[in-house]
Each structure stands twice: as C-alpha cells, then as structure tokens.
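Structure record follows, encoded as structure tokens.
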Amino acid sequence: MTRHLLRDDDLSPAEQAEVLDLALALKKDRWKLKPLEGPQTVAVIFDKSSTRTRVSFAVGIADLGGSPLIISTANSQLGGKETPSDTARVLERQVAAIVWRTYAQAGLEEMARGTRVPVVNALSDDFHPCQLLADLLTIREHKGDLAGLTLSFFGDGQSNMGHSYVLAGVTAGMHVRVAAPEGYGPREDVVADAQRIAAQTGGSVTILVDPLEAAADADVIVTDTWVSMGKEEEKIARIRDLGAYKVTQQTMDAAADGAIFIHCLPADRGYEVDADVIDGPQSVVWDEAENRLHAQKALLVWLLRQQ
Ligand code: CP
Ligand code: NVA
C-alpha cells in the first residue's frame, strides 16, 4: 500500500523509531549503502524558499543512487494552470516519489489522493514532519532514548513547527510543552490528536503561557522564527505578541543540566533567540541541519520499501 508522510502522525510510534534507526545506520555508512533499487528519480517541488530542504533532498537522493528532480512552482504548471491531482498523475508515471513544500495542507492531501507514489510534506503551513525526523535524530544522538524526555517549544505554537513538535514528540513518548501567548497556542484538533497518541506512548502535551514554567527542568529547548513564510504582513504584531517568549540564557539556565538548544533554521538572532544561546555551547543546530540529510534518506528508503 502506498504510504505518505503528510503530517507527523502518519508514522506510528514503531514506524517512527524504525525510520530513526535506519537514519542512524545510513549516517554511519553514508558512502557504503545505496539502497534504492535501480535508477529512481524523485521530484522535489518548492512553492516556498528553502536552503536546507532543497540541499538535503538533492544530496540525499543522489547518495541513495537516485536522481533528484528539483522543480520550482514558479516555473511549472502546478499552482497556476494545473491542479495537484493532475500533476500527481503525470509525475507518478515517471518518478518514484514526490516531495513538496507548499502552503495549504489540503494541496498535499489532494496530491496524495491522486497518486500511487509516496508524497512527502517538505513543509506546509501546518506541519514540517521531515524537520522533526531530523530533530528527533539529533535529540537521540545528544540525549539518548527519546521516551520520557521533556521538550519545551517557545513562541508560535500554531506554526508548522509548533504542530509538528506536538505530534512527533508525543509519538516518540516525549513530554512536549508549548509556551505561547493567548491566540498563538497549537490548534485544538492537533492537541487532541497528540493526546490520543500520548495515551499509547506515555508522552504528554501541556500548553503553558509562562515561559519560565515551560523551561523548568526541560531536556530540550526549542524555538522557531516568529514570522513564518506567508506571515510577513503580520511581522510587527508578532514581534510585539511573542517578545516575552524569546529564548535567552535565562531560559537555558532554568532548563535541566545538560539541556540542548535546537532550532530548525533560518533563525532571527535577537528575536526568537539570543545569539549567545544559538551560538553557545548548548546549541546543536548545525548537527540538526546535517541530520535533515540522514533522516530524509531513511524516510525515502522506508516509504519506497512499503510500495
Ligand atoms: N529548516 C528548513 O526547512 O530550512 P529551509 O527553509 O532552508 O529548507
Ligand atoms: N516556521 C518556519 C519554518 C522554516 C523552516 C516557516 O514556515 O517559515
């Protein structure tokens, strides 16, 4: 059966662990393993800007022995004259998988319904599940077993990153805290889905307003830009509303001994995080950025094996 990764809870807890194990194995033997059978092309489509996602998918697909086909929607028919499902029907005859960075989650769902090949969400307005696989891999490398760790996210809990931490974190059995002001908490349906998963995994999700309460004894401190792609017109209001949720050294000092700082990048130093934190000794953001490569290679191999 064709499997897709449109949101983080498309992988069960056991499947998420399997992908992370495979990512570690692929990272260890980067130059030895070429697990894609035969020459396979993967279409990687961008409606929004990207550095990490573009590079890591292109390099990762090539590492696996496949060919990346990078498409900007500005130069294609998708998003203009052609629907996601018609595009999917054209692509599935020629490519092994479709990776798409877009705005609406509904477009990804339409793409997935319209095709027999796996569709991967490379960031939508609502979720960024590829980033979470890389983040969980990074946390595992630095902190060991994920189950039982506390991860605290600060800022825009309604963003793709906020939602993905909630869903992927509880899938891994983590205790996820979101510190956000009124009006910036994660969507209720996402929290409800996370609570259902947490009941199986022993994780939890807690929404807090007080940032220092959220930081207390946390193992992982995380934030993201206050102005996600597509929200540029709200920049001034967001800086005003989210100012108290900046990650500072005081936040790190309130966290557990040995806590790490992660950020999906790109970062706005001085806004969501101070430079001395993101460039300081507790920050593992460069490992995290590298892990996009290993995590996505594992994901593609895993999805193609389900075909
Ligand atoms: N973290 C992330 O997805 O970065 P890019 O926008 O550069 O791809
Ligand atoms: N929340 C950010 C993530 C960037 C990788 C955005 O959507 O712009």
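Quick notes
- Cα convex hull of the chain, projected area averaged across orientations, nm²: 14.7 nm²
- In this Cβ point-charge picture (+1 for Lys and Arg, -1 for Asp and Glu), the chain has a dipole of about 1300 debye about its Cα centre.
- Normalised by 2.2 N^0.38 Å, where N is the number of residues, the C-alpha radius of gyration of the stretch 39-145 stands at 1.10.
- For the stretch 94-190, the convex hull spanned by the alpha carbon atoms encloses 113 Å³ per residue.
- Calculated FRET value between I70 and A237, using beta carbons and R₀ = 35 Å, to 0.05: 0.55
- Helix 129-143 and the longest principal axis of the Cα set of the chain meet at an angle near 50°.
- Rounded, prolate or oblate (a/c below 1.5 giving rounded, otherwise prolate when a/b exceeds b/c) for the stretch 233-307 by Cα gyration tensor: oblate
- Environment charge at T53 (Cβ cut-off 9 Å; Lys +1, Arg +1, Asp -1, Glu -1): +4
- Partner lysines whose Cα lies under 23 Å from the Cα of K28, excluding those fewer than 8 positions away in the same chain, are identified as K143, K297.
- Inter-part distance, the stretch 36-88 to the stretch 188-223, computed on C-alpha centroids, equals 33 Å.
- Burial ranking of peptide ranges 59-67, 287-295, 124-132 (average Cβ count within 10 Å, highest at the top): 124-132, 287-295, 59-67
- Spin-label pair I207/A244, simplified geometry with 7 Å Cα→Cβ offset, distance in nm: 1.7 nm
- Efficiency of FRET from Cβ geometry, E82 and D29, R₀ 45 Å, rounded to 0.05: 0.65
- A protection proxy built from the mean count of other Cβ atoms within 10 Å ranks the segments 98-106, 49-57, most packed first, as 98-106, 49-57.
- Whether the stretch 131-288 is rounded, prolate or oblate, judged on the alpha carbon gyration tensor where a/c under 1.5 counts as rounded: oblate
Read-outs throughout are calculated quantities, based only on the coordinates presented, and are distinct from any laboratory measurement. Keep in mind that what you see is a predicted model, and the values were worked out from it rather than measured. Every residue, glycine as well, gets a Cβ built from its backbone with ideal geometry; the counts of neighbours run over all protein chains shown.
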